[in-house]
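The values are calculated or read from the model by the stated rules, or taken from the named source; none is laboratory data. Note that the structure is a prediction, hence the values are computed from the model and not measured. Quick reminder, even Gly has a Cβ in these numbers, built from the backbone with ideal geometry, and neighbours come from all protein chains shown. Keep in mind that these areas ignore ligands, DNA and RNA; they rest on the heavy atoms of the full protein, side chains included. Shrake-Rupley method; radii C 1.70, N 1.55, O 1.52, S 1.80 Å.
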Amino acid sequence: MFVPDSVVTNERISRLMDTSDEWIRQRTGIAERRYARKGTSSSDLGFEAAKRALDDAGVEARDLDLIVFATMTPDHYFPGNGGLLAKKLELETTHALDVRMQRAGFLSGLQVADAFIRSGSYRRVLLVGAECHASLYPWTDAEWAVMFGDSEGPVSPEAYAWGTAQRDRAVIFGDGAGAFVLEAKRFPPR
């Protein structure tokens, strides 16, 4: 797995909208979340998690037959994150696909990977799930600075009002990635 270094606490979020640590904890149990810095994408997070998964499995990227990338926050509409990750891993012929789902995307990706392995189509699959929710919000540079503690604020009244209107979602989501290398117990002959 991989999460960005930037920790955004409930106190920091409360500088962007009408909320508090108590309000957030009472409703979600969340005390802090990780946000990727501006310009970081979900495929960047997925790449870091993928490197760790490959290392943990003792597998080289070139040994992969398929990449399944689950995300609802892709870098672009097209090309998909699976192909972008394959390029970052310096793979030229490995197949890759995206599962574009919220919440259950990683589990659906696991089902897809399992089906390909059970069918004998692929022997070794890299499954990656990554989200970069912070970048979905149109934060200004001033708001990013407050969020990451680079500025004490305040943000503009308009930004504060907008943040308050998004409060029910903005306090929940964070950024991060997880990855598995999945393979058949015994490789069937090709």
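Structure notes:
Rundown of residues vs (1) in contact (Cβ under 8 Å) with a residue 40 or more places away in the chain; (2) more than 14 Å from GLY178 (Cα to Cα); (3) not aromatic (Phe, Trp, Tyr), yes/no style:
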{"residue": "ALA53", "(1), (2), (3)": "yes, no, yes"}
{"residue": "ASP56", "(1), (2), (3)": "yes, no, yes"}
{"residue": "VAL59", "(1), (2), (3)": "yes, yes, yes"}
{"residue": "HIS76", "(1), (2), (3)": "no, yes, yes"}
{"residue": "LEU85", "(1), (2), (3)": "yes, no, yes"}
{"residue": "ALA96", "(1), (2), (3)": "no, yes, yes"}
{"residue": "GLN102", "(1), (2), (3)": "no, yes, yes"}
{"residue": "LEU107", "(1), (2), (3)": "no, no, yes"}
{"residue": "GLN111", "(1), (2), (3)": "no, yes, yes"}
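- Restricting the range 20-46 to residues that are open to solvent by 20 Å² or more (accessible area, probe 1.4 Å) and of a type in the set (Val, Ile, Thr), the residue that is nearest to the chain's Cα centre (by Cα) is THR40.
- Among (1) assigned to a loop (DSSP other than H, G, I, E, B); (2) under 19 Å from the mean Cα position of the chain (by Cα); (3) among the hydroxyl-bearing types (Ser, Thr, Tyr); (4) under 21 Å from VAL7 (Cβ atoms), the one test that TYR77 misses: (4)
- Residue in the range 37-56 that is modelled with pLDDT of 95 or more, in a loop (DSSP other than H, G, I, E, B), out of contact with any strand residue (DSSP E or B) (no Cβ under 9 Å at 6 or more places or on another chain) and of a type outside the set (Asp, Glu) present: no
- Residue among ARG167, ARG103, ARG190, ARG186 that is modelled with pLDDT under 95, open to solvent by 30 Å² or more (accessible area, probe 1.4 Å) and under 19 Å from the mean Cα position of the chain (by Cα): ARG103
- The single residue among ALA159, ALA145, ALA177 that is touching a strand residue (DSSP E or B) at 6+ places or on another chain (Cβ under 9 Å) and not in a loop (DSSP other than H, G, I, E, B) turns out to be ALA177.
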